[in-house]
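Notes to accompany the following structure.
The values are calculated or read from the model by the stated rules, or taken from the named source; none is laboratory data. What you are looking at is a predicted structure, and each value in this text was computed from that prediction instead of being measured. No Cβ is skipped: glycine too gets one built from the backbone with ideal geometry, and neighbour counts run over all protein chains shown. What goes into the accessible areas is simple: the full protein's heavy atoms, side chains included, and nothing from ligands, DNA or RNA. Shrake-Rupley method; radii C 1.70, N 1.55, O 1.52, S 1.80 Å.
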Amino acid sequence: MGTKKIFISAGETSGDIHGSNLIREIHKNPSIKIHGLGRNRMVEAGMNCIHDMSSRSVMWLHTLKKIPELWNIFKDCTRFFDEEKPELVILIDYAGFNFYLAKAAKRRNIPVMYYISPQLWAHGSWRVKKIRKLVDRMVVVYPFEEAFYANEGVSVKYVGHPLFDELHTREIDETLVEKMKDGENRTIVSLLPGSRKQEIRRLLPILLESATVIHKNIPSGKFLVSCSNIRNLELIDGITKSFTSANSNKNLPIEIVTGKISEVIKASSLCISSSGTVVLEIANYHVPMVICYRVSPFSYFIARPFMTTPYICLVNAIAKKTVVPEKLMYRDDYKWLASRATELLLNEEKREMCIAGLKEITSLIGTPGASAKAAEEALSMI
């Protein structure tokens, strides 16, 4: 068997993590060479990187500012398709840009596998027609996605979520966990504002306001702000210092933790988090949480009619019921966050119900092995 080429495209940090695990599984077949777009994790796993996507995470209207740069990347990818003729193109999330790559691949009769679907089941379900036209196989990570695509006539395979492959092998610094707990009777609330700068700017001030209210109700509380990427440390530090310098907030016990997100979650009595994949990691450690996402009033009223699911939180979407409190905000409703968080901290019955729901969900989807199954699907398409 001669050498075969696979092209992989991932733009986001999470895509880089899941892409790296997929690459390691595919590389167990030594005849496969992988090229594509990604970040440091995928390069470390053995991908020949055509473009580093570390500074190119874009969302919503911010995409418009990146069009010339992304166009040049796109042209380099199509040049690779023409000159190297890969046997398969694998696209990981990053819907807007990856849809263009899917179209380019199909024009050249290159099979396309989409791994980790855009959340069309939540909004934008009309784009399923585009998926059906451009993608040969969807490889999905949530159980409800399989039925969603199958009902639309799309070839689909559910493999489980690769996050649990990552968590299964990740080493936890238990000494740091105990240090952050700061004593057995200390209430630890972690604030997770997301990984994108625009997300942090919108959400972190609301989380800090909610922390002030929680601290008034629970004076023993301590607060951890999670900075998942060191590139965001200056932004997070600036927002936090500006907030705590106000007279009423000077005594708020708060600490910024860079990286170490698993340790932050494991040390917590409760997490207040942005909506996203991180909620599955919180669920993995069975930590109660309150979930929110902040958009502008304009975005809210434009997008709301197109939302086809009642849930913004993956935990609730998987369970098909409200396991954890969640809210899509177009106002800075920090009082709602504080109220729900305080309730989960002080009401033992509701807290135990939440933990039981999280255990039920992780028993369904928390098994490792998704990356190996996705690799099998990819190799079967060559």
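Just add up the charged neighbours of ILE172: K/R +1, D/E -1, any other residue whose Cβ is under 10 Å from the Cβ of ILE172. Display every interim value, and only then the final one.
On the way: positive: ARG170, LYS260, LYS266; negative: GLU171, ASP173, GLU174, GLU263.
Neighbour charge sum, excluding ILE172 itself: -1.
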Between LEU224 and residues 5 or more places away or on another chain, the pairs with built amide H atoms under 5 Å apart involve VAL189, SER190, LEU191, GLU255
Once you wrap a convex hull around the alpha carbon atoms of segment 67-224, what is its projected area averaged over all directions, in nm²? 13.6
Gyration tensor (Cα only) of segment 209-304 to equivalent ellipsoid, semi-axes in Å sorted down, yields 22, 19, 16
Site LYS33, offset 7 angstrom along Cα→Cβ, radius 14 Å on amide nitrogen, limited to segment 65-103, gives 80-81, 83-88
Rg over Rh [alpha-carbon atoms, Kirkwood Rh] for the chain: 0.98
Helix-only CD estimate at 222 nm, as mean residue ellipticity for the chain, using -39500 (n - 2.57) per DSSP H run (n ≥ 4): -14500 deg cm²/dmol
Please give the charge dipole size of the chain, origin at the Cα centre, charges +1 on K and R Cβ atoms and -1 on D and E Cβ atoms. Round to the nearest 20 debye. 1280
Whole-angstrom gap from segment 1-20 to segment 137-181, using each part's C-alpha centre: 17
Taking the C-alpha atoms of segment 187-256, how large are the radius of gyration and the largest Cα-Cα span, Dmax, in Å? 11.4, 33
SASA check, THR342, accessible area w/ 1.4 Å probe, all protein chains in place, rounded to nearest 10 Å², comes out at 20
Report ARG79's accessible area, 1.4 Å probe, all protein chains in place, as a number in Å² to the nearest 10. 110
Net length gained if the chain between THR3 and ASN72 were fully extended (0.36 nm per residue, minus Cα distance): 22.0 nm
If you take the beta carbon distance between LYS250 and GLN198 as r and set R0 to 30 Å, what does 1/(1 + (r/R0)^6) give as a FRET efficiency, to the nearest 0.05? 0.60
Expressed as a whole number of Å, what is the distance separating the alpha-carbon centroids of segment 354-381 and segment 214-265? 32
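Under 20 °C and 1.002 mPa s, how fast does segment 342-382 diffuse according to Stokes-Einstein, given a Kirkwood radius computed over C-alpha pairs? Answer in µm²/s, whole number.
Value of D from the Cα-based Kirkwood radius: 167 µm²/s.
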Residue-normalised value, i.e. accessible area per residue, for the chain at 1.4 Å probe, in Å², stands at 46
Starting from the amide H of ILE32, placed 1.01 Å from N in the peptide plane, find each other amide H under 5 Å away whose residue is 5 or more places distant or on another chain. LYS4
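Using only alpha-carbon positions, what ratio does the radius of gyration of segment 67-143 give when scaled by 2.2 N^0.38 Å?
Numbers: Rg = 12.6 Å, N = 77, 2.2 N^0.38 = 11.5 Å.
Rounded to two decimals, the normalised Rg is 1.10.
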Taking H placed 1.01 Å from N in the peptide plane, check which residues at least 5 places from ARG294 or on another chain put their amide H under 5 Å from its amide H. MET329
Would you please state the base-10 log of I(q)/I(0) at q = 0.10, 0.15, 0.17, 0.20 1/Å for segment 223-382, with intensities from the Debye formula using one equal scatterer on every alpha carbon? -0.46, -0.98, -1.19, -1.41
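Rounded to two decimals, what ratio of Rg to Rh does segment 138-200 give with C-alpha atoms and a Kirkwood Rh?
Dividing the radius of gyration by the Kirkwood radius yields 1.20.
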Test item: Cα-centred dipole of segment 333-382, Lys/Arg +1 and Asp/Glu -1 on Cβ, debye: 100
